[in-house]
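Structure record follows, encoded as structure tokens.
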Amino acid sequence: MSFTTTSKLIIFGARSIALGACLAIKKLYPQYEVINFMVSSLKGNPNRLCGLPVIETNDCADKEIPVLIAIPEDVQSVVTDILKNKGFQHIYCLTSDKEGELMGRYYESIGRFPSSYNADLCKEDSHNTDSHNADLYRADSIAEIYMAKFYRDKPLKNAYSIPRWVRPIQVGAALTDQRITEITDNLGENISAKNVNYCELTALYWMWKNKLCTEESDKYFGLYHYRRFLDITDDGLIKMKEENVDVLLPYPLIHEPDISEHHSRYIEEGDWEAMLSALKELQPEYAERFQEILKQPYLYNYNMIIAKRNILRDYCEWLFPILKRTEELSTPKGWERADRYIGYLGENLLTLYFMFHADEWKIKHVGRKMLI
């Protein structure tokens, strides 16, 4: 990573991406001194992060110090223009590709969250498919990944080639007559009408009931978003199968002081308590372990995953009864509202489930590739 000859650096952003970038730079690039975080407005942002001050752009006097933009990639261009108009001279963007590589190296350096980069799962290479049975090792026979799309999603600015093993599925299809994909989440057994609260998890429910429980298959199954993928290629899937990887997850995002920072921003306390009550009632062993996991800073965001069929099926059998019971315990009830809270709770429960089983399964991690 190279900025300019100066050793000082400002990170634009004050949430999990920025925090992860700061920790990684401190660990991997000690020649750079991160002096502070910067945001357009302190409203809704912390005053300090990682022991450093968070300032507003108008309060930064030295426009020569390099600025690393560490926020979601789809809004980086807007911030770049703002900073240029304010006179900043050296602006760099932490794209999702660069973030994945940076965090992979960081987690490797601290011995956490084993990275698939070590095995080049996400890199195209000269894999010799001639030495394998073509029917067995074709990527689309190895994995069946569903990409959740909603009819009101904002169009992507750029064109992308979607791998053949990624299948778009329209979520919330029961809520509209408009069709944007061939596969819809209102076919077969489904909770499509609950998409306003479950978000992409209505696609996962559809997969569970109509794929994972009904088809005998040794494929990997998984869930993406329409603009967020796991950064793995055809060759990566082949190697994943060869190395008998059980689960592939995105590198966790880092929250300060712990992952309670996430749910305090996105989830009402009453809903959080309803989920904890459902967890204690239905899965007391997990509820007991949850208190420990909540005190660490790592969260698997976005409900994205690739896993062996039986593991993903078992996860769904564990997850959805908890979410259903949470709806019943919520005030107002889950079916009386439309605020995406179940989807956010799902991220926390995914974190609990796979950290609970971290020593049992071969879990690897990759970056998140964001489409813009």
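The values are calculated or read from the model by the stated rules, or taken from the named source; none is laboratory data. In this text the structure is predicted, and so the values were computed from the model without any measurement. Quick reminder, even Gly has a Cβ in these numbers, built from the backbone with ideal geometry, and neighbours come from all protein chains shown. Each accessible area value is taken on the protein alone, full model and side chains, heavy atoms only, with ligands, DNA and RNA left out. Shrake-Rupley method; radii C 1.70, N 1.55, O 1.52, S 1.80 Å.
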#### Entry: Choice from ILE232, ILE65, ILE11 showing the highest fluctuation, given a GNM over the chain with Cα pairs closer than 10 Å
ILE65
### 3J(HN,Hα) from dihedral phi, the range 141-155, Karplus parametrisation 6.51/-1.76/1.60, rounded to Hz, x for glycine, proline
8, 8, 9, 10, 10, 9, 9, 6, 10, 10, 5, 9, 4, 5, x
### Task
Rounded to whole Å and sorted largest first, list the principal axis extents of the Cα atoms in the range 186-262.
41, 37, 21
### the chain: angle of helix 284-293 to the longest principal axis, Cα-based, in degrees nearest 10
10
### Task
Tell me the GluC sites (Glu not before Pro) within the range 214-263 that lie in a loop according to DSSP and have at most 11 other beta-carbon atoms within 10 Å.
GLU215, GLU216
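What fraction, in whole percent, of alpha-carbon pairs in the chain exceed 35 Å separation? Mind showing how you got there, number by number?
Working: 18721 of 69006 pairs.
So the portion of pairs separated by more than 35 Å is 27 percent.
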### Summary
With Cα coordinates, the longest principal axis of the chain makes an angle with the long axis of helix 16-28, in degrees rounded to 10, of 60
### Query
With charges set only on the Cβ (+1 for Lys and Arg, -1 for Asp and Glu), what does the dipole of the chain come to about its Cα centre, in debye to the nearest 20?
780
### Message
I'd like the distance separating the alpha-carbon centroids of the range 1-73 and the range 309-372, in whole Å.
### Response
31
### Summary
Magnitude of the Cβ-charge dipole (Lys and Arg +1, Asp and Glu -1) of the range 231-287 about the Cα centre, nearest 20 debye, reported as 100
### Message
Just to be sure I understand: with springs between alpha-carbon atoms less than 10 Å apart, which residue in VAL54, VAL75, VAL34 has the highest mean-square fluctuation in the Gaussian network model of the chain?
### Response
VAL75
### Query
How many Å² of accessible area per residue for the chain, probe 1.4 Å?
44
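Can you tell me the length gained on complete extension of the stretch GLN291 to ASP97, counting 0.36 nm per residue apart and subtracting the Cα distance?
Values: separation 194, 0.36 × 194 = 69.84 nm, distance 3.29 nm.
Additional length available on full extension: 66.6 nm.
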### Query
Relative to the longest principal axis of the chain, what angle (0 to 90°, nearest 10) does the C-alpha long axis of helix 76-85 take?
20
### Query
If you take the charge dipole of the chain about its Cα centre, with +1 on Lys and Arg Cβ and -1 on Asp and Glu Cβ, which of GLY51, THR351, SER330 is farthest toward its positive end?
GLY51
### Task
With just the Cα atoms of the range 135-190, tell me how far they stretch along each of the three principal axes, in Å, largest first.
39, 34, 12
### Summary
Measuring from its Cα centre, the range 265-349 shows a charge dipole (+1 at each Lys and Arg Cβ, -1 at each Asp and Glu Cβ) which, in debye to the nearest 20, is 360
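Grab the Cα-Cα distance for GLN178 and TYR160, subtract it from 0.36 nm times how many residues apart they are, and report the gain in nm with one decimal. Could you put the intermediate results ahead of the total?
Working: separation 18, 0.36 × 18 = 6.48 nm, distance 2.29 nm.
Length difference between fully extended and current span is 4.2 nm.
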### Message
Need the full-extension length gain, LYS8 to ARG337, defined as separation in residues times 0.36 nm minus the C-alpha distance. One decimal, nm.
### Response
113.7 nm
